[in-house]
Every structure is written in C-alpha cells, then in structure tokens.
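Engineer: Handing you this structure, nothing more for now.
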Amino acid sequence: MIYQRSSALFAEAKKYIPGGVNSPVRAFKAVGGDPIFVKKAKGAYLFDEDGNKLIDYIASWGPLILGHAYEPVIKAVVEKAQNGTSFGMPTEIETELAKLAISMVPNMDKIRFVNSGTEACMSAVRLARGYTGKDKIIKFAGCYHGHSDSFLIQAGSGAVTFGSPNSPGVTQGTAKDTLLAAYNDLAGVKELVQANKGELAAIIIEPIAGNMGCIVPTDEFIKGLREICTQENILLIFDEVMTGFRLGKGGAQEVLNIKADIVTYGKVIGGGLPVGAFAARTEIMDYLAPDGPVYQAGTLSGNPLAMSAGLAMLTELNNAPEVFKSLAEKTAYLHKGIGKVLTEKNVPHQINRFGSMISVHFTDEPVVDFASSAKGDNDTFKKYFHGLLERGIYLPPSAFESYFLNDALSYEDLDATINALKEIDL
Ligand SMILES: Cc1ncc(COP(=O)(O)O)c(C=O)c1O
C-alpha cells in the first residue's frame, strides 16, 4: 500500500505541532516510519488520506466499541448541535447520562463528568486524598492513568518508600507521594502498605491492564488488594477508562466481582467525544465541590454534544448487552487464529486476552506485569506491525498497547487479518 500523502501531511504537521501529533503514541516512534493520516472511517474500517482502506483494531483507543460513525451516535450529536454546542449551564442530558451510567455499573451512587480519562483519574486521586485526609498513593508500574503529575512516576532507588519522576517537569515533591508496585505482586503491595502505614489515601489500578499489553490480574492479587484497602482504610480506585462499558455493562467491577471505592471512566462513556468521569458512593462523592471541600471543575464538563454521544452509546449497550459476548467471541477467534499462525512459524509468543482486549507479545515467558511485558522482542513486533499495515490492517503502533475490538469487525475481517499474518516473515 502507498502512504505517500500521509507522509507529506506528517512532514507539514511537524512544522507546527510538536512531533506532528497531539498525543505521542500516534507518531509511530516505537515502530518507526510515518503515521497514517485518517480521512474518514465507517464501521470497522479506516479510510486514509492516500485512499487506502484499513481494518481497524484500535477503535480510537477504545471508545468506538460499536464501530466508527455509528449511526445512533452520529444522529444524536448532529441533532444536539443544532441547539447550541455549549452553555456552561446545567442541561437535562447530563442527568440522563449520569442516571444511565450509574444504573449499569455496580456500587456507584453518583458520577461527575469531566473531559478526559486523565482528568478523571487526577480528580479521583484528589477526592481520595480529601476524603481520607492522607497524601500517598500506590500505583502499579506499567499502568497508565493519564498524564497528570502524580502518575508520571517510575520506581526510584528507594522504591520501597518512594518513586521518582519519569518526566522532566514532575517535581520530586509530587513523586514522593506516589509509590510504585509491580502488577500481580501482592507481597510487594503489602510491604509498601506496612512501610507507609496510616499514610495511604488510595491504591489505583487498571483492573484489567491495557497499557503494558493486556494483562489480567490473578484472583488472589485483585481480591488481596480489596482486602488490604478495607483493612487499612485505603480507597481502592479502579481505573476503568479502558474497561468501563467494554468488558460488560458493569465493567471490570462486574466481571471480576470486586467492588471498588472510586471508579474512573473515559473512552466508551463518551461514544467518541471527549468525556471522562469518576464515580463513587454518596458519602465519598459528597466531598466534592460544590457540596464538599474538594475542588474540581470544568468549562466544558458535561458538554451537551459529548453527553449526547455518551448517552446514545450507553443506551445501545444497555439495550443490547449481548454485544459484549459477541465481541469476546470475536477476540477469542482472533487469538486462536494468530496463535496458530505464530506457532506454525515457530515464533516465540504470548497472547493475552480478556473480553475484547487482546495483545500479542513476542517472548517465551508469561506476561504478567511490566517487567515481563518489556521483555517482548520489539524488532519482531515492528515486522509484525508493518507487515500487517502493508496489508491494510491497523494495529496499535506499540507493543505496550492492547487492541480494542469493535463489533463492526466481521469474521471475514478477522480471517483477512490472520491470512495476512501468514504472509509475513517474522
Ligand atoms: C487506563 C487509562 N486511564 C487513563 C487514561 C487517560 O485517558 P485520556 O487519554 O482520555 O486522558 C488512559 C488512556 O489511554 C487509559 O488507558
């Protein structure tokens, strides 16, 4: 396939936008080459600026679970736009989406809408600190909770007691309040909790991780976290920005049968428009301004266009929850097909999957945390990625990202993907 116009557009974009993109992963740094510029999309397909048609496995990094330009969502947004795009005043549709979202997920009484997953997680941590009166949090290496300062932390030399910034601009002061643990390592978490007794406001986790590939927590680990949090008066924050309204109506809380104290949402809840949200029981949410002392606000929060897209999307999922099963079946089919081809080619690999999230890792060892995910062979990944791209299949341009299947993908699309893989020299 030819990607000439995309390359020219990228060269032009780089003159005016840092790195030519508005979010780094789009720039293809991990895989090399120039990114694809999209002209339009419909269902499971992207149509790029060179006139190529690509089968899409990222669905805008998750939101478009029912496929691109999904009719009920587009209709809702277009109709809403006729009446004005933003008021900075309350609108009925905010309550409608809040009511529906809360009815679909377990254990949540109230929800606050923001504009992104980053904002949702940042606000959830502030709320947890305000509610508990404690400062420190634990996060897991390889989990991504957006780009706010508290989360851009890596293990420091004294990792057991504090982290260190992993981006210039994040202060040591901020880093000292974020402690790092390894995913699926309950003993490590217990150690941190003991060493920081009485100081921890929250443990934040992607309950099914998607930012180091797809990583599933062991039963012992996730139940253990819940127990520790309850015992030690620490709030358990589930970051369901990826998993919420994707793994099932009630997201990871439902499928893992674990109740979190605060849950953050993004992606699907906005139906492809910029929406994030965080939710909790009333006693926690009442700490939030204007009722409580914890400040949080937004000019465009609860924006009517964004709410209309979210409402149309959640209404569809609520009325036809069998889609979650159909998506999981398609993902299992893809898993089997890719696994068979890679085994026949004698390429060492692991495939991780949960519901409609899946990732392929080029390593011999099970991938259970960031360290094991980082052992994947990136040269093989690059060949795999570019080989498929050449054949019209668009995967996440990084080995650390989960694929997000959308229900517009047909079994013919999945077969085309598996067959394309057969042709690639890895
Ligand atoms: C689990 C998780 N949390 C938070 C975020 C941040 O969301 P956003 O990019 O909307 O700020 C992401 C983004 O991919 C995510 O995957």
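Engineer: What accessible area, in Å² to the nearest ten, does a 1.4 Å probe give for residue 92?
Structural biologist: Approximately 140 Å² of residue 92 is accessible to the 1.4 Å probe.
Engineer: Here's something else I'd like to know. Students often forget the sequence filter, so: which aspartates and glutamates lie under 16 Å Cα-Cα from residue 422 once same-chain residues fewer than 8 apart are removed?
Structural biologist: Result set, ordered by chain and number: 344, 390, 412, 413.
Engineer: Let me ask another. Based on alpha-carbon positions alone, could you give the equivalent ellipsoid semi-axes of the chain from the gyration tensor, as √(5λ), descending, whole Å?
Structural biologist: 33, 27, 21
Engineer: Starting from the Cα of residue 197, draw a straight line to each of the aspartates and glutamates and keep only those under 14 Å, dropping any in the same chain fewer than 8 residues away.
Structural biologist: Straight-distance partners of residue 197: 135, 177, 232.
Engineer: Another question, if that's okay. Taking only the alpha carbons of the stretch 36-185, what extent do you get along each of the three principal axes, in Å, biggest first?
Structural biologist: Sorted largest first, the three principal extents are 52, 42, 30 Å.
Engineer: Here's something else I'd like to know. From largest accessible area down, sort 144, 384; use a 1.4 Å probe on the protein chains.
Structural biologist: In descending accessible area the options line up as 144, 384.
Engineer: On alpha-carbon atoms, Rg over Rh for the stretch 71-319 using Kirkwood Rh?
Structural biologist: Computed over Cα atoms, the ratio is 0.98.
Engineer: Gap in Å between the Cα centre of the stretch 405-425 and the Cα centre of the stretch 312-387?
Structural biologist: 12
Engineer: Using the Cα centre as the reference, give the magnitude of the dipole from point charges on the C-beta atoms of the stretch 228-318 (Lys, Arg: +1; Asp, Glu: -1; all else neutral), rounded to the nearest 20 debye.
Structural biologist: 280
Engineer: Each label point is 7 Å from the Cα along the Cα-to-Cβ direction; what then is the distance between the points at residue 226 and residue 259, in nm?
Structural biologist: The two pseudo-label positions are separated by 0.9 nm.
Engineer: Additional query: Over all directions, what mean area does the Cα convex hull of the stretch 278-426 project, stated in square nanometres?
Structural biologist: Result: a mean projected hull area of 12.5 nm².
Engineer: If you rank 361, 335 by how much accessible surface each has, with a 1.4 Å probe, what is the order from largest down?
Structural biologist: 335, 361
Engineer: Top to bottom by accessible area (1.4 Å), largest first, where do 99, 197 land?
Structural biologist: 99, 197
Engineer: At 1.4 Å probe radius, can you tell me the per residue accessible area of the chain in Å²?
Structural biologist: That works out to 42 Å² for each residue.
Engineer: Further question on the same structure: Normalised by the residues of the chain, what does the relative contact order come to in percent, with Cα pairs under 8 Å and at least six apart?
Structural biologist: Relative contact order of the chain: 22 percent.
Engineer: Hey, which of these cross-link pairs are over 20 Å Cα-Cα: 330/383; 29/382; 139/330; 40/75; 223/259?
Structural biologist: Result: 330/383; 139/330 exceed 20 Å.
Engineer: Would you mind computing, in nm to one decimal, how far apart the modelled labels at residue 195 and residue 297 are, each placed 7 Å from Cα along Cα→Cβ?
Structural biologist: Going from the residue 195 label point to the residue 297 one covers 3.9 nm.
Engineer: Antiparallel as a % of all DSSP beta bridges within the chain, to the nearest 5?
Structural biologist: Approximately 60 percent, going by the DSSP bridge assignments.
Engineer: Ignoring any ligand, DNA or RNA, what whole percent of the accessible area of the stretch 352-426 comes from carbon and sulfur when the probe is 1.4 angstrom?
Structural biologist: On the stretch 352-426, the fraction of accessible area on carbon and sulfur atoms equals 48 percent.
Engineer: Give the aspartates and glutamates whose C-alpha is closer than 18 Å to that of residue 80, dropping any in the same chain fewer than 8 places away, or say none.
Structural biologist: Partners within reach: 71, 92, 94, 96, 316.
Engineer: For residue 141, what is the net charge nearby, where nearby means another residue's Cβ is under 15 Å from its Cβ and Lys, Arg count +1, Asp, Glu -1?
Structural biologist: Surrounding charge for residue 141 is -3.
Engineer: Related question: Any idea how far the Cα center of the stretch 247-304 sits from the one of the stretch 98-147, in Å?
Structural biologist: So the separation of the two Cα centres works out to 6 Å.
Engineer: So if we plug the beta-carbon distance of residue 69 and residue 1 into 1/(1 + (r/R0)^6) with R0 = 25 Å, what FRET efficiency do we get, rounded to 0.05?
Structural biologist: It comes out at approximately 0.70.
Engineer: Please report, as a whole percent, how much of the solvent-accessible surface of the stretch 4-79 comes from carbon and sulfur atoms (probe radius 1.4 Å).
Structural biologist: Carbon and sulfur atoms account for 58 percent of the accessible area of the stretch 4-79.
Engineer: Rounded to the nearest 500 deg cm²/dmol, what is the calculated helix-only ellipticity per residue at 222 nm for the chain, with -39500 (n - 2.57) per DSSP H run of length n ≥ 4?
Structural biologist: -11500 deg cm²/dmol
Engineer: Same structure, new question: Once both labels are modelled 7 Å past Cα along the beta-carbon direction, what's the residue 39-residue 81 spacing in nm?
Structural biologist: 2.0
Engineer: Given the C-alpha centroids of the stretch 17-77 and the stretch 164-202, what is the distance between them in whole angstrom?
Structural biologist: 35
Engineer: Please list, in chain and number order, the residues 5+ apart from residue 154 or on another chain whose amide H is under 5 Å from its amide H, with Hs placed from the backbone.
Structural biologist: 164, 166
The values are calculated or read from the model by the stated rules, or taken from the named source; none is laboratory data. Not measured: the values here are computed from a predicted model. Backbone-built Cβ (ideal geometry, glycine too); neighbour counts: all protein chains shown. Protein only, heavy atoms only, side chains kept; ligands, DNA and RNA dropped before computing areas. Shrake-Rupley method; radii C 1.70, N 1.55, O 1.52, S 1.80 Å.
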